[in-house]
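Worksheet: the structure to be examined is printed underneath.
The values are calculated or read from the model by the stated rules, or taken from the named source; none is laboratory data. Worth saying up front: this structure is predicted, and the values here are computed from it rather than measured. FYI the Cβ positions are ideal-geometry reconstructions off the backbone, even for glycines, and counts take in every protein chain you see. Surface accessibility is based on the protein's heavy atoms, side chains included, excluding ligands, DNA and RNA. Shrake-Rupley method; radii C 1.70, N 1.55, O 1.52, S 1.80 Å.
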Amino acid sequence: MNGLFRLLRQRLPLALTAVLRSGLPLFVPAMLAKLALFNQWIGVRYMEMTVVDAVIACGTLLLLSGWTLLLPVRARLVSLALLNVLLTLILYADLLYFRYFQDLISVPVLLQAAQVGSLGGSIAALMEPDDMLLFLDWPVAALLPWLPLARRRGGRAKARRAVRAAVCAAVFAAGFLMTALPIQEARNGWAKGLFGADWWNVSIYNVVGLYGFHAYDAYQYMKLRYASMPLAAEAEAESADWFGRRGAAREALAGDRLFGRYAGKNIIMIQVEALQSFVIGRTWNGQPVTPRLNELLGESVYFERFYHQTAQGRTSDAEFAAQCSLHPLASGSVFIRHAGRTYDCLPGILKEAGYGTAAFHAYDGGFWNRNVMYARIGFDRFYSKKHYAMDEPVGWSLGDRSFLRQSADRFGQLGQPFYAFLVTLSSHHPYQLPASADSFDAGSFEGTMFGDYLDAVHYADAALGELFDRLKASGLWENAIIVIYGDHDNSIADWELYEQFLGRPLHMAERHQLLRAVPLIIRLPDGAMGGEVRSEPAGQIDIAPTLLHLIGERTGSRIMAGLPLITGAEQDSDGRIVVFRNGSFTDERLFYAARPPEEGGGICYDAQTGRPLPASRCEAPKRAAEEEIAASARAVEYGLIGKWRSAEPADEKAKTADRFG
């Protein structure tokens, strides 16, 4: 036993010296502790740091620091100290940015200095005393290179370099395996479809870690910025011609009796989470699902064949289509991938016309990059989760009742006229409400997600009804255009439940249409056209042109894909089609369900009977749909609007600059 203690006394100093000389056994745990603190401090629900996350973080740190093993001891320790400083500063910058914007810093954000610069004098207020824990190891890291740790030189230098290279290679291999294997497993499992979907920077962080996110973000930016092929002049000309013809169609309506009839009126637009048309006017178990919206139909224009046009970007796609009258991306979200582009969007045009503009959404402002995109498209203010008192927790965030009440209380701060855009959240998948918010008896659907969905929609309807009452009491009801629409489907695909709810079987075309159909309700200030039900096909890209038509803003020169729905001209829906981003479309007679060639190609249906038709019946509208998608995609992905604006006369350029701040 005495011999063992004597051996330990002899070896421990040597082992400690070896650890200090290597540097990595100190560097990696220190940075891992900081990453754990970062994860704890941002406090994102369901994103607690797990053992797998720690393994990925260790692997990333080994990849970032393994190269230092090729250096002599002192140079290695100096390099690790500098790397410590750099990575800590990146982490702390992300922490401060998250406290303000509820997101991580990305390359597009860095290139939009106004977003980062808006922190300005708020930085000191964002700092907290515990933040000093991130810097406690800096004195040690600075001291280590100057300790007498170098070994006496012996043997050949070439051999020493070979050993260092072998150890370095082993460390890199370990780091690669520690990151690649768990990330790949996540991509094939719970995180499948996440990469490229661009929901939230923090969602990527949750898979690959903080420094992995920044590597992924830089790669995505470089790929989009430098690896994409330039647009051919012929394709650009085709897009310009298409938008010119669509603009001419809108301009031809500018002289009708409803153009400008509601000039100067306020606009209150509400995008309701997962609200679908099949619940409107329906009862279940003796109860109306949407009693307050049913009442509203009596004094509004209701579009019964209105469809969402979203893709992977889901809610953000609905916002982009409704605000900017363009189609979303096939993959990812415009709000993330192309937030720096120029667009002709409703809030920017209204701002130019003298409106105060504000967006309201009681969730983290960085989700879907709203902090950046809302400002970009012309919103003066964005009230996100941090602006609300969380006095009614429901589902993902604040309950719609409290959200709509607190939002309406801020309308008076917007001036006159104003445009308020509200995005609800309580009816979000998986639709689980607390007992205090559940007032709907789902009957035989009780305990199913479909039943929970009916509960959530009923709750959202009640919250909307309370908002209507407040608007009437304040006098805004008769001085505002009220717009309500659903953002996308409810992600429930059990058709037996739908057929049980509707009381009849659904043919395939009906199923396609049901998944796409969301309500659009427009209540005009004087109650004009109240109770009118429109059956012409329409989509979310038509919302902005409709509102601009009603307040008298000409859109013939705007790069928009939609057409106004409420005009003084005779409504002629012949030839009008609603196009979806995957190439599907519908009109009054046909529904075309796009499918890839390997699945047999698209199917043309009779929209009323669901009977499959010869492909030739859909050929002409299919070409029109392809032209629309191509023109919109080029405008977004190649930044054509900004390019075309740069060729405008100076006075038009000034208007655009003012619109986008």
Which FRET efficiency value, to the nearest 0.05, do you get for Arg595 and Leu231 by plugging their Cβ-Cβ distance into 1/(1 + (r/R0)^6) with R0 = 30 Å? 0.65
Per 0.36 nm of contour for each residue apart, how much would the distance between Glu532 and Ala263 grow if the chain were fully extended, relative to their Cα-Cα spacing? 94.7 nm
Packing-based ranking, highest mean first, of 216-225, 397-406 given that Cβ atoms within 10 Å are counted: 397-406, 216-225
Just for the chain, what percent of DSSP beta bridges are antiparallel, to the closest 5? 45
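Using mean Cβ contacts within 10 Å as the protection proxy, how do 318-325, 418-425, 174-181 order, highest first? Mind showing how you got there, number by number?
Numbers: 318-325: 28.4, 418-425: 23.9, 174-181: 16.6.
Ranked by mean Cβ neighbours within 10 Å, highest first: 318-325, 418-425, 174-181.
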Run the quick spin-label model on Ser491 and Val167: label points 7 Å from Cα toward the beta carbon, then report their separation in nm to one decimal. 4.8
What 222 nm value per residue comes from the helices of the chain, counting each DSSP H run with n ≥ 4 as -39,500 (n - 2.57) and dividing by all residues, nearest 500 deg cm²/dmol? -15000 deg cm²/dmol
Separation between Cα centres of the range 593-633 and the range 297-326, rounded to whole Å: 21
Could you please state, rounded to a whole Å, how far the C-alpha centre of the range 347-397 is from the C-alpha centre of the range 413-472? 19
For Cα extents along the principal axes in Å, the listed values are (i) 114, 72, 56; (ii) 99, 59, 55; (iii) 86, 61, 57; which was obtained by calculation from the structure presented? (ii)
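Of Lys265/Lys472; Lys34/Lys223; Lys223/Lys643, which sit over 23 Å apart, Cα to Cα? Working shown, then result.
Working: Lys265/Lys472 15 Å; Lys34/Lys223 30 Å; Lys223/Lys643 21 Å.
Table pairs above 23 Å Cα-Cα are Lys34/Lys223.
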Report the gain in length on full extension from Arg617 to Ala389: 0.36 nm times residue separation, minus Cα-Cα distance, nm rounded to one decimal. 76.6 nm
Starting with the highest mean, order 301-311, 483-493, 462-472 by the number of other Cβ atoms within 10 Å, averaged over the residues of each peptide. 301-311, 483-493, 462-472
Looking at the chain, do any whole DSSP H helices span at least 18 angstrom along their long axis by alpha carbon and average -1.0 or above on Kyte-Doolittle, and which? 2-22, 24-42, 51-65, 73-101, 157-188, 210-226, 449-474, 619-637
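Ignoring ligands, DNA and RNA, please state the percent of accessible area on the chain from carbon and sulfur, probe 1.4 Å. Mind dumping the intermediate values first?
Details: 16520 of 28380 Å².
It is 58 percent, rounded to a whole number.
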Need one word for the range 419-485: rounded, prolate or oblate. Basis is the Cα gyration tensor (sqrt eigenvalues a ≥ b ≥ c); a/c below 1.5 gives rounded, then a/b vs b/c decides. prolate
Compute the distance in nm between two label points, each set 7 Å from the Cα along the Cα-to-Cβ direction, one at Lys472 and one at Tyr219. 5.7
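With the other protein chains left in place, how much accessible area per residue, in square angstrom, belongs to the chain at a 1.4 angstrom probe? Intermediate results must be reported in sequence, preceding the final value.
Values: 28380 Å² over 661 residues.
Result: 43 Å² of accessible area for each residue.
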